[in-house]
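The values are calculated or read from the model by the stated rules, or taken from the named source; none is laboratory data. Model, not experiment: these values are computed from the prediction. When we count neighbours, we look across all protein chains shown, and the Cβ atoms used for this are built from the backbone with ideal geometry, even at glycine. Only protein heavy atoms, including side chains, enter the accessible area calculation; ligands, DNA and RNA are left aside. Shrake-Rupley method; radii C 1.70, N 1.55, O 1.52, S 1.80 Å.
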Amino acid sequence: MLKAVILIGGPQKGTRFRPLSFEVPKPLFPVAGVPMLQHHIEACAKVPGMKEIILIGFYQPNDALSRYLSSAQQEFKILVRYLQEFAPLGTGGGLYHFRDQILSGGPSAFFLMNADVCSEFPLLEMLRFHRDHGDVHCAVVLATTANRKQSLNYGCIVESQKTHEVLHFVEKPATFVSDIINCGIYLFTPEIFTHIGMVFQRNQEEKQLPLPTPREDQLWSRQRAEVIHLEQDVFTSLAGQQQLYVYKTQGFWSQIKSAGSAIYASRLYLNQYLQTHPERLVSSQEGGCTVNGNVFIHPTALIDPTAVVSVLLGPNVSIGKGVCIGAGVRVRESIILHGASLQDHCCVLNSIVGWDSTIGKWARVEGTPSDPNPNDPFAKINSETLFRDGGLTPSITILGCNVNIPSEVIIRNSIVLPHKDLSRSFKNQIIL
Amino acid sequence: MKALILVGGYGTRLRPLTLTVPKPLVEFCNKPILLHQVENLAKAGVDHVILAVSYMSEVLEREMRLQEQRLGIRISLSHEQEPLGTAGPLALARELLTDNDEPFFVLNSDVICDFPFEDMLKFHTHHGKEGSIVVTKVEEPSKYGVVVYEGETGRIHRFVEKPQVFVSNKINAGMYIFSPSMLNRIQLRPTSIEKEIFPIMAKEGHLYAMELQGFWMDIGQPKDFLTGMSMYLQSVRVQNPEKLCTGPGFLGNVLVDPTAVIGENCTIGPNVTLGAGVVLEDGVRIKRCTVLKGARIRSHSWLESCIVGWSSSVGQWVRMENVTVLGEDVIVNDELYLNGANVLPHKSISESVPEPRIIM
């Protein structure tokens, strides 16, 4: 029997995803038309023997999350539960805190994945790799190849060419160590808790040194003892002990840190739909709008029936629930969130249009893609800085929820915070 | 009566349009710039127009032969071997200008207004001195050279270059009428009529100013070309409103050649000129633009303050603004944004130009 744990973080995290994460927990943000998290859940549901998916995070229980979980439970016929941490406990702390729940029923192994990654999720391959390597080890780490420069932003892995054992693991090194990077997707045996438990014990002993501290500080240090980072605290010491193995995937993978990376991730998933969910992609057909490349349109979206043909969508476009699209609208490399309205002849390129926003006639909403270098097969998306050299880095344009863009203006490389009525053109600005 | 038009050189200020078409032949409101002047001169009784040019163009010559026949007047080209400034060309054309003793007109070629040639002749004959110049009122006199003159008679006292304190808000409008004796003041060498000749004439009481009524614009650069177009179309609205398009889809003053084709759901204007054979496909929004002969604007594009050169093609969902000028036969690919781009002829543009720039 198998289980899966997904780390979904909390509201204090994912600030690079603002202003979109104001409206919806980031794991529920739609990527390729479905919540980011659903790609994980679908992959887990396909694994034979998968009994339960546990989400761990520090979001207050909320409607959006619980509604989604119950619908996912029904749709994928699998138990899905949310366990809330009392405080952000890092990538290993929450896992350890809820170890009894995870181990109940006696799973032989369980997957752990970060919610903010986009991947092909080669879970069956990881299982096969795990079984092929016997069961002496306690963890298989999914890894991919990065270029030398970008590898410094990730957990770097040195492996044994022969056995694929992890010989060395270092999180975000300052100098180059290896171009094999951690994907944030793991397969663990219950044995992993022994190692996390040792870190927990050590943390507690350190914190219990007799120091004359006021009560609040004691509470703080108690919390601190429970904060555990799998990468630095566990993997680094497990490396070289025949406990940690690496499975390298050739499949697509990306982090989803910034809003710009959501558009890139959408492209990867839409492309995957060609194989996994062709029914989610619109095909150009008689009487429909003109489609170029992969496009997802929610069935409730409405395209002006008098001028459907004049609408041109794609590639890489996701149109959400109840979106209205006028005649002669052009959308490319963008995510249009539910309830938005795109009026006649407007043009949306490399942008995310927020919930219930309106774009006027002939308006142009345009961003600059931050895609990885297409000529470097190992390049990853850069989502590190909003500002560079004192200026806003040209990025995709993001309209928050309920933003009104008047007719005929241009909004370029800008971020518009929710509930704004703009009255003119803006370029390279954050509009509060 | 005769008139001399100072056509001058390559019209570099109006590039990239003038890289393929001589400036006098660039259409302003669907008529070559030069013909606006020549036709009005002919109407005022001028039967011989002399074009002072500093470079020869076969195209210009051929066109002028055609216009001679059409208008029933004589058009000569007076060719300077070296640039002679604004006065030298008068000396060069002396023979042609002095075969009778009638006064003659002199015009800068970039000026557009309601040409007051008959009034100028009357005004000039009335004061009886050697020269009259037309002046026009401007809002910011400190940017120009202003003319200080006696309000009642028009007698000019002096000229002040870029005045720092207010002395006058009238500037030289680039249109003059002279008696032939005035030519004795000019020698055949590079000379500025404004700086070297007029001050002396004024001092001697031989120069008078006549104030222009209505609009005036020097359309020698793209930005002013568009402003001049708006002014000209407004004057058409007042004088010949039947020449402008009205009806659904048209806003304000819009001049459309009868051979232009306009698609559905376009919104055109205010202040748009579409030349012969121009095609606007469906759903185009265009304002304050001139689209020259044979150009095509594809569906759903948005244009403001642009000049689209002859036979150019602007793709679908393109946005062009801020005095973007396309030379002849330029192709702008779909979905691009051009902000203040100056595109040289025969270019194909496949990347946006977000900040003003020249595309070689």
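Structural remarks
- Per residue, the convex hull spanned by the Cα atoms of chain B measures out at 136 cubic angstrom.
- Reachable lysines, given that their alpha-carbon falls under 16 Å from the alpha-carbon of B:K243 and they are not under 8 places away in the same chain: B:K31
- Overall form of the range B:272-360 per C-alpha gyration tensor (a/c, 1.5; a/b vs b/c): rounded
- Fluctuation leader among A:D63, A:D116, A:D344 - chain A, Gaussian network, Cα springs under 10 angstrom: A:D63
- Neighbourhood charge, 10 Å Cβ-Cβ cut-off, centred on B:E161 and excluding it, Lys, Arg +1 and Asp, Glu -1: +1
- Helix A:63-76 axis, angle to chain A major axis (alpha carbon atoms, nearest 10°): 80 degrees
- Antiparallel bridge percentage (DSSP; both residues within the range A:280-431; nearest 5): 5 percent
- Accessible-area composition of the range B:236-318, carbon plus sulfur, in percent [1.4 Å probe]: 50 percent
- The range A:2-255 - percent of accessible surface contributed by carbon and sulfur, probe 1.4 Å: 50 percent
- Looking at chain B alone, DSSP beta bridges between its own residues are antiparallel in about 25 percent of cases.
- For the protein assembly as shown, a crude dipole built from +1 on the beta carbon of Lys and Arg and -1 on the beta carbon of Asp and Glu, taken about the Cα centre, is about 880 debye to the nearest 20.
- Within a straight-line Cα-Cα reach of under 24 Å, B:K122 can be paired with the following lysines, leaving aside sequence neighbours fewer than 8 residues apart in one chain: B:K2, B:K43, B:K137, B:K170, B:K203.
- Here the range B:88-112 and the range B:273-321 have alpha carbon centers that stand 39 Å from each other.
- In order along the range B:166-177, the Karplus-derived 3J(HN,Hα) couplings, from 6.51 cos²θ - 1.76 cosθ + 1.60 at θ = phi - 60°, round to 5, 10, 5, 10, 9, 10, 5, 8, x, 9, 10, 9 Hz, and Gly and Pro are given as x.
- Element breakdown for the range A:280-431 at a 1.4 angstrom probe: carbon and sulfur atoms account for 52% of the accessible area.
- Annotation for the A:B interface, with buried accessible surface near 1400 Å², both sides summed [1.4 Å probe; non-protein components not counted].
- Taking each DSSP H run with n ≥ 4 as -39500 (n - 2.57) and averaging over every residue of chain A yields -7000 deg cm²/dmol at 222 nm.
- Probe 1.4 Å, protein heavy atoms only - accessible area per residue of the range A:306-432 in square angstrom: 37 Å²
- Gyration tensor verdict on chain A (Cα atoms; rounded if a/c is under 1.5, prolate if a/b is larger than b/c, oblate otherwise): prolate
- In chain A the longest region clear of trypsin sites (Lys or Arg not before Pro) that are loop-assigned by DSSP and have at most 10 other C-beta atoms within 10 Å covers A:163-423.
- Helix axis angle, A:259-276 relative to chain A longest principal axis, alpha carbon, degrees: 90 degrees
- Nearest 10 degrees, 0 to 90: helix A:215-226 Cα axis against chain A principal axis: 90 degrees
- Complex-versus-alone comparison for the range B:269-294, residues with a loss of 30 Å² or more in accessible area, probe 1.4 Å: B:R285
- In nm, spacing of pseudo-spin labels at B:M360 and A:Q12 (7 Å Cα→C-beta vector): 5.6 nm
- Members of the range B:319-360 that become less accessible by 40 Å² or more once partner protein chains are added (1.4 angstrom probe, chain alone as reference): B:R319, B:E335, B:Y337
- Close amide H pairs (under 5 Å, H built 1.01 Å from N) link A:S341 with A:C324, A:S357, A:T358, A:I359, residues at least 5 positions away or on another chain.
- Antiparallel bridges, percent of DSSP beta bridges restricted to the protein assembly as shown (to nearest 5): 25 percent
- Surface accessible to a 1.4 Å probe, per residue, for the residues of chain B, Å²: 42 Å²
- Coupling constants for the range A:98-113 follow from the phi torsions by the Karplus curve (6.51 cos²θ - 1.76 cosθ + 1.60, θ = phi - 60°), and in residue order they are 9, 4, 5, 5, 5, 8, 5, x, x, x, 6, 7, 9, 8, 10, 9 Hz; glycine and proline get x.
- Building the convex hull from the alpha-carbon atoms of the protein assembly as shown and averaging its projection over directions returns 44.9 nm².
- Amide H contacts of A:I303 (H built 1.01 Å from N, under 5 Å, at least 5 apart or other chain): A:I325
- The range A:280-431 shape via C-alpha gyration tensor axes, a/c threshold 1.5: oblate
- Here the contact order of chain B, divided by its residue count and restricted to Cα pairs under 8 Å and six or more residues apart, works out to 13 percent.
- For A:L281, the solvent-accessible surface computed with a 1.4 Å probe is close to 30 Å², ligands and nucleic acids excluded.
- Annotation: per residue accessible area for the range A:2-255 equals 45 Å², rounded to a whole number [probe 1.4 Å, protein chains only].
- Build a GNM of chain B with springs between Cα atoms under 10 Å apart, and of B:R288, B:R296, B:R13 the one that fluctuates most is B:R13.
- In the range A:306-352, burial by the other protein chains removes 40 Å² or more of 1.4 Å probe accessible surface, compared with the chain on its own, from A:R330, A:H345.
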